[in-house]
Amino acid sequence: MRMAKRSVCPVACALDLLGDKWTLLVVRDMACGKTLFKEFSASPERIASNILSDRLQRLVRSGLAESFSPTPATGWNGYRLTPKGKSLLPILGVLRDWGLGHIKGTEARMKPVIW
């Protein structure tokens with residue numbers, strides 16, 4: 001199902017997809033090597049499972065992430081960034097740098113594996 005755009009403004013459209021407080025954190029976690037639902041759930045921000053499920057589905061539907069079977073024997077799905085999703089990494093880097101420079105007490109503790 002395709003949602004109607006509220007505007008043709010690229011900033012508004014990007015925020016419609018990425019502008020909630022969870023989506024870019026899930027992208028960050030994928031960039032840092034997390035693939036399984038339980039790994040995303042263990043992030044320090046403690047995203048609720050229903051919200052996490054929704055954000056993963058939204059990222060897959062939008063082509064920013066893909067579902068795959070990291071270990072076919074278990075039947076679990078894993079998630080990883082697509083090239084389109086990886087194109088967000090410079091944006092995350094700028095947000096990280098801004099936070100480090102302007103918000104007292106922040107630290108960059110996670111090391112991206114695909115940054």
Pairs with Cβ under 6 Å, 6+ apart, first in the range 86-102 and closer than 19 Å to Leu15 by Cβ, second of a type in the set (Phe, Trp, Tyr) and outside any helix (DSSP H, G or I): Leu89/Trp115
Any residue at all in the range 24-36 that is assigned to a helix (DSSP H, G or I) and either among the polar types (S, T, N, Q) or surrounded by fewer than 16 Cβ atoms within 10 Å (Cβ to Cβ) (or both)? no
Mind listing whichever residues of the range 92-115 are assigned to a loop (DSSP other than H, G, I, E, B) and within 20 Å of the chain's Cα centre (by Cα)? Thr106, Glu107, Ala108, Arg109, Met110, Lys111, Pro112, Val113, Ile114, Trp115
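Only the coordinates and a few stated rules stand behind these numbers; no lab work does. For clarity, every value in this text was computed on a predicted model and none was experimentally measured. Note that each Cβ is placed from the backbone with ideal geometry, even for glycine, and that neighbours are counted across all protein chains shown.
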